[in-house]
1. Please pick out the residue among Gly133, Gly146 that is on the phi > 0 side of the Ramachandran plot and not acidic (Asp, Glu).
2. Test Gly91 against the criterion of being part of a strand (DSSP E or B) and either polar (S, T, N, Q) or touching a residue at least 12 places away in the same chain (Cβ under 8 Å) (or both), and give yes or no.
3. Among the listed residues Gly185, Gly146, which satisfies the condition of being out of contact with any Gly (no Cβ under 6 Å at 6 or more places or on another chain) and farther than 26 Å from Ser15 by Cβ?
4. Which residue pairs have Cβ atoms closer than 8 Å, lie 6 or more positions apart in sequence or on different chains, and pair a first residue in the stretch 61-84 that is at pLDDT 95 or above with a second residue that is among the aromatic types (Phe, Trp, Tyr) and in a helix (DSSP H, G or I)?
5. Exactly one of (1) out of contact with any Gly (no Cβ under 7 Å at 6 or more places or on another chain); (2) under 17 Å from Ile73 (Cα atoms) is unmet by Met141. Its number?
6. Kindly establish whether Ile160 is of a type in the set (A, V, I, L, M), crowded, with 19+ Cβ neighbours inside 10 Å and not in a helix (DSSP H, G or I).
7. For Lys79, are the conditions met, namely being of a type in the set (Lys, Arg) and farther than 22 Å from Ile181 by Cα?
8. Which pairs turn up if I take residues in the stretch 223-252 that are free of Cβ contacts under 8 Å to residues at least 60 places away in the same chain and look for partners that are assigned to a loop (DSSP other than H, G, I, E, B) and among the aliphatic types (A, V, I, L, M) with beta carbon separation below 8 Å, at least 6 apart in sequence or on another chain?
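The values are calculated or read from the model by the stated rules, or taken from the named source; none is laboratory data. From a predicted model like this one, the values you see are computed outputs, not experimental measurements. FYI the Cβ positions are ideal-geometry reconstructions off the backbone, even for glycines, and counts take in every protein chain you see.
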Amino acid sequence: MRLQAKAAVITGGGSGIGAAAAEVFAREGAKVVIADLNEEKLSQTVEDLLSKGFWAYGINCDVSSEEDVEKLILQTVQKCGKLDVIFNNAGTILPKPLEQVDGDEWDRLFQINVKSMYLTTKFAISHLKKNKGAIINMASMTGVVGQQYNAAYSATKGAIIALTKTMAIDYAPYGVRVNCISPAGVRTPLLDTWLKQQENPVKASEAQDRSHMLGRTADSEEIARVALFLASEDASFVTGENIVCDGGAALGYAAGPKPEWSRVPI
């Protein structure tokens, strides 16, 4: 098993990619500590993993709060005895034209999507250095190519890619690897909610699928398996990389504008 005896923290682990990663990591032998702000989803995910015989522990956490994140790392080390992997998966979206974004919305978006990664690193890096651990940050294809009517979100994801590369430089001397993942569309509750809010949800869903050259949207486990690779010794010589797993969506962007799906959040 690729994560045997490893201890991993997954933020935003109550649903979507985070919940899928929690099961994938646990299946590979990791002790998984799941952090999420939604207590109900957090409890459901933990209970599901425990019912399958996996080791899992949930901590209610606002990843933008320094106090909460410090407690998250402290409790993880107390429960597991160490810390080997952090998957900074928590994030939110804000699909609207830049001039319509309020200052408070901008600040909150950066606090959740970017500041959270600074905080987990601040409190966990000493433990990760001891074990030559790994940090995985959730970025997005939009941080590479941008996206119409999604400037603020794209800015956070571009920041994450730059942050990842600099962290990889700083922590390489300690054997700590830092990488990020840039998906395109992923079937998560966040995306499903957005699709249901559209004037024609069925058409919007079809357009979402067509935005990828493979003709479909990724499921959460497909992205979780990329995180597993980066967390494991399979990626022992990989650091500072932005792994784009977009089903060819960026190729579609390069091919020219497609108004039917260009506003779909990624």
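1. Gly146
2. Numbers: part of a strand (DSSP E or B): no; either polar (S, T, N, Q) or touching a residue at least 12 places away in the same chain (Cβ under 8 Å) (or both): yes.
Here the answer is no, as Gly91 does not meet what is asked.
3. Of the residues listed, the single one that is out of contact with any Gly (no Cβ under 6 Å at 6 or more places or on another chain) and farther than 26 Å from Ser15 by Cβ is Gly146.
4. Listed by first residue and then by second, the contacts come to Val69/Phe123; Glu70/Phe123; Leu72/Phe123; Ile73/Phe123; Leu74/Phe123.
5. Every condition holds for Met141 apart from (2).
6. Numbers: of a type in the set (A, V, I, L, M): yes; crowded, with 19+ Cβ neighbours inside 10 Å: yes; not in a helix (DSSP H, G or I): no.
No; evaluated as a whole, the condition is false for this residue.
7. yes
8. Short answer, once both residue conditions are applied: Gly248/Met213; Gly248/Leu214; Leu251/Met213; Gly252/Met213.
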